[in-house]
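**Student:** Before anything else, here's the structure in question.
The values are calculated or read from the model by the stated rules, or taken from the named source; none is laboratory data. Quick caveat: nothing in here was measured; it's all calculated off a predicted structure. FYI the Cβ positions are ideal-geometry reconstructions off the backbone, even for glycines, and counts take in every protein chain you see.
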Amino acid sequence: MSYKIPYERLMFFKQKIGVDPKVQAALQLHAPLLAAHKEEFAAYFEEIFGNIEQTRPYLEVQNYPGQLQKIWMKWFEELFSNEIDHSFLDKVWRSGLTHVRINLDHRYVNLGYCLAKRFCREIIEKELPQHDKANVHEAVEKTLDLCLLIETDAVITSTFQCDSEVIKGVTHQIRNPIMIIGANMMRLKRNGSTPFESASQTYDTVLSESRRMEKLVSDVSTYNEIFHAPSKWTQISLHQELKRAVENCRILYSLSSLDLQIGFARRDINVLGNPEEIQLLLQHLLENAFEGVDPDNPVISIQTSPDPGTPKFALIEIFNTGKLAHAEEVETLFTPFYSTKTAGTGMGLSIARAVVQKIKGSVDLQAVPGGVICLVALPRGKS
Ligand code: HEM
C-alpha cells in the first residue's frame, strides 16, 4: 500500500505544539553535547526493551547484529542536530509505518518516547549550564511530543487505510458474484418450466459463486485478524508444519501424476511465530504452488535450510513448474484481491505477506527457467 505523507497536517501539529525557530535554536545550541549520548541512549533502550517480553523478540530478530541500536542512535543524534523540516517529519512518519508493518504494539513506542524524555531530562540537569536548562528542557519536551504525535498520525493513517481498502475490496469483489447469482435466479423465476439441464447449470453457477463469496469472507476475516492480532513468538517445528500443509494440499488438489520432491534440512528447524499463522502462511504458499503447477509436467519441490546469509533465519524454497503471472510486477501479486484465477479471492499471498511481516521475515516470488520459485525467510528459534 502506498501512502502520501500529510505534510500540511504535520506542519499544523508542529505549529500547535510550538516547535518554532526558538525551540530549534535551543536544541541546536547544545546539540553536540546532547548527541554525544547517542550510544548510551541506544544501550538504555536495548536494556529496557530487551527485558520486556513483548518487545524482546524484535531485538533478538534483527537483520544484522546491532541494527536497532544503530537506528535508535541515529534517530537520537538527528533529533538535536537536524532542522525539523519536511525531511525530518518524513523520517518520523515512516518509522510509524514501519512499526505498524512489523506489528509493534504502539503502546511500546509511546513508552519509548516517555523514556527518551526522561533520559534527556537527566542529561540536561547534569550537564547543561543552569541558565540554559529551562529553555532546552522545554525544547526537548516539545520536539518529542511532536515526534510522538507524528508517529501516532502514521499509525492511525496506515491502520485506517488498510481497513478501508479491505472494506472497499470486499464491497467490489462481492458485487460481481451477487449480480451473477441475482441474474441466474431471475432466469429461473422467469422460466418456471426450465429444462432440467439448463436449470442444473444455473444451480452450479449459483453454488460456485456463493462458494467464492464464502471463501472471500473467510479469507478477509483471516487477513484482518492477522493484521490486528498481537505478534506471538512461539517455537514451531518447521518440518512438522510443512508436512501438515503438504498433506492438506495433496487432499485438496488430487494431482495423480504430481512429482513432489521434498528436501528438508537434515535437522528440523525451529522457527518463531504464531503456530496458527505459520500454518496459514505455509498452507497459502503451497496452495499457490499447487494451483500454479504446469498440469502437463506437474513438479513441486520443497526445500528447507538454515539461511547461509544470516544464522538468525531459516529458508524455505518452494518450486513449481508453470508460469509466474505478471512476472514483471511481482509486488502486485501480494496485493489484496489481486487474483489471476477465476475462482480466486486474491487474498492468499496477501495473507502470507502479512504473516511474515509481523515476524520480520520475508517472502518473494521469482520466475526461473522452467517454473516459479517462492523464497521465504523466517526467524529461527532455538534448535
Ligand atoms: C521512541 C521510540 C522509537 C523510535 C523513535 C523508533 C524509531 C525507529 C526508526 C526511525 C525506524 C526506522 C524506520 C524505517 O525503516 O523507515 C525504526 C524501525 C524499527 N523499530 Fe523503532 N523506534 C522506537 C521504538 C521501538 C521499539 C520499542 C521497538 C521494539 C523493541 C522498535 C523496533 C523497531 C524495528 C524492529 C524496526 C524495523 C527495523 C527494520 O527495518 O527491520 N522500535 N524505529
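**Student:** Among the residues of the range 327-338, is there at least one that is in contact with a Ser or Thr (Cβ under 8 Å, 6 or more places away or on another chain), of a type in the set (S, T, N, Q) and either modelled with pLDDT of 95 or more or on the phi < 0 side of the Ramachandran plot (or both)?
**Tutor:** yes
**Student:** May I ask you to list pairs of residues, at least six apart or on different chains, whose Cβ atoms are under 7 Å apart, with the first in the range 95-118 being under 15 Å from Leu149 (Cβ atoms) and the second being within 7 Å of the ligand (Cβ to nearest atom) and not in a helix (DSSP H, G or I)?
**Tutor:** Here the result reads none, with nothing in the range 95-118 linked to a residue that is within 7 Å of the ligand (Cβ to nearest atom) and not in a helix (DSSP H, G or I).
**Student:** Additional query: Looking at the range 33-76, which of its residues are under 19 Å from Lys360 (Cβ atoms), buried (at least 17 other Cβ atoms within 10 Å of the Cβ) and more than 22 Å from the chain's Cα centre (by Cα)?
**Tutor:** Ala42, Phe45, Trp75
**Student:** Regarding the range 157-169, can at least one residue be identified that is surrounded by fewer than 12 Cβ atoms within 10 Å (Cβ to Cβ) and under 30 Å from Glu53 (Cβ atoms)?
**Tutor:** Yes, the range 157-169 has at least one match.
**Student:** Still on this structure, I have one more. Return yes when Val92 is surrounded by 19 or more Cβ atoms within 10 Å (Cβ to Cβ) and more than 11 Å from the ligand (Cβ to nearest atom) and no when it is not.
**Tutor:** Considered against the rule, which asks whether it is surrounded by 19 or more Cβ atoms within 10 Å (Cβ to Cβ) and more than 11 Å from the ligand (Cβ to nearest atom), Val92 comes out as no.
**Student:** Being surrounded by 20 or more Cβ atoms within 10 Å (Cβ to Cβ), more than 20 Å from Arg101 (Cβ to Cβ) and in contact (Cβ under 8 Å) with a residue 24 or more places away in the chain: is that true of Gly361 here?
**Tutor:** When the stated conditions are applied, Gly361 does not pass them.
**Student:** Moving to a separate point now. From the list Asn110, Asn103, which one is within 16 Å of the ligand (Cβ to nearest atom), within 38 Å of the chain's Cα centre (by Cα) and on the phi > 0 side of the Ramachandran plot?
**Tutor:** None of the others qualify; the one that does is Asn103.
**Student:** With respect to Phe290, is the statement that it is more than 17 Å from the chain's Cα centre (by Cα) and surrounded by 17 or more Cβ atoms within 10 Å (Cβ to Cβ) true?
**Tutor:** When the stated conditions are applied, Phe290 passes them.
**Student:** Kindly check whether there is at least one residue in the range 118-137 that is assigned to a helix (DSSP H, G or I) and within 8 Å of the ligand (Cβ to nearest atom).
**Tutor:** The answer is no; no qualifying residue exists.
**Student:** Out of the range 30-87, which residues are more than 9 Å from the ligand (Cβ to nearest atom), of a type in the set (Lys, Arg) and closer than 21 Å to Glu141 by Cα?
**Tutor:** Across the range 30-87, the qualifying residue is only Lys38.
**Student:** Considering only residues that are within 15 Å of Arg353 (Cβ to Cβ) and outside any strand (DSSP E or B), which ones fall in the range 277-317?
**Tutor:** Glu277, Ile278, Leu280, Leu281, Leu282, Gln283, His284, Leu285, Glu287, Asn288
**Student:** Now, a different point. Output yes when any residue across the range 341-352 is within 29 Å of Gln62 (Cα to Cα), outside the structural domain of Arg211 (by TED's automatic domain parsing), hydroxyl-bearing (Ser, Thr, Tyr) and buried (at least 21 other Cβ atoms within 10 Å of the Cβ), and no when none is.
**Tutor:** Yes, some residue in the range 341-352 is within 29 Å of Gln62 (Cα to Cα), outside the structural domain of Arg211 (by TED's automatic domain parsing), hydroxyl-bearing (Ser, Thr, Tyr) and buried (at least 21 other Cβ atoms within 10 Å of the Cβ).
**Student:** If you check Gly370 against the conditions, is it outside the structural domain of Ser218 (by TED's automatic domain parsing), in contact (Cβ under 8 Å) with a residue 40 or more places away in the chain and buried (at least 20 other Cβ atoms within 10 Å of the Cβ)?
**Tutor:** For Gly370, the condition - outside the structural domain of Ser218 (by TED's automatic domain parsing), in contact (Cβ under 8 Å) with a residue 40 or more places away in the chain and buried (at least 20 other Cβ atoms within 10 Å of the Cβ) - is not met.
**Student:** Then there is this: Yes or no: the range 91-111 includes at least one residue that is under 30 Å from Gln235 (Cα atoms), polar (S, T, N, Q) and modelled with pLDDT under 95.
**Tutor:** yes
**Student:** Here are Ala229, Ala265, Ala245: which of them is of a type in the set (A, V, I, L, M, F, W, C), within 24 Å of the chain's Cα centre (by Cα) and at pLDDT below 95?
**Tutor:** Of Ala229, Ala265, Ala245, the one residue that is of a type in the set (A, V, I, L, M, F, W, C), within 24 Å of the chain's Cα centre (by Cα) and at pLDDT below 95 is Ala229.
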